[in-house]
1. Residues of the range 23-76 being assigned to a helix (DSSP H, G or I), of a type in the set (Gly, Ala, Ser) and under 19 Å from residue 11 (Cα atoms), which ones?
2. Please specify each residue of the range 7-24 satisfying the condition of being open to solvent by 90 Å² or more (accessible area, probe 1.4 Å) and polar (S, T, N, Q).
3. For the range 45-76: of the residues being of a type in the set (Asp, Glu) and more than 11 Å from residue 29 (Cβ to Cβ), which is least open to solvent (accessible area, probe 1.4 Å)?
4. Of the residues that sit in the range 25-40 and are open to solvent by 60 Å² or more (accessible area, probe 1.4 Å) and farther than 14 Å from residue 71 by Cβ, which one is modelled with the lowest pLDDT?
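The values are calculated or read from the model by the stated rules, or taken from the named source; none is laboratory data. Small disclaimer: the values here were computed from a predicted structure and weren't measured. All Cβ positions, even for glycine, are placed from backbone atoms using ideal geometry, and neighbour counts span all protein chains on display. Ligands, DNA and RNA are stripped out before the accessible areas are found, and what is left, the full protein with its side chains, is counted by its heavy atoms. Shrake-Rupley method; radii C 1.70, N 1.55, O 1.52, S 1.80 Å.
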Amino acid sequence: MKHFLGQHSESILDYDKAIDQKPAFTEAYINRGVMKSRLGNTCEAKEDLLTALQLAEHTTDVRLKQNIMHLLQDLE
């Protein structure tokens, strides 16, 4: 919810907690990457998105993989 309100730094802390509790939480890495990107932390955002892509490697959810790839392309 905080990310919808523009509270990017606070959102990152929430995603950090989610990842601590569930290290394979792909969507948390995606969302944290997006928030880092919005704060101008491109390198950290890319790391999160690459981690998400690695976690999504064995999923059958093609749209999830496409979304991650699109976000990575936007960082280039």
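1. Scanning the range 23-76 gives 28, 33, 37, 45, 52.
2. 21
3. 61
4. Checked the range 25-40; the qualifying residue modelled with the lowest pLDDT is 39.
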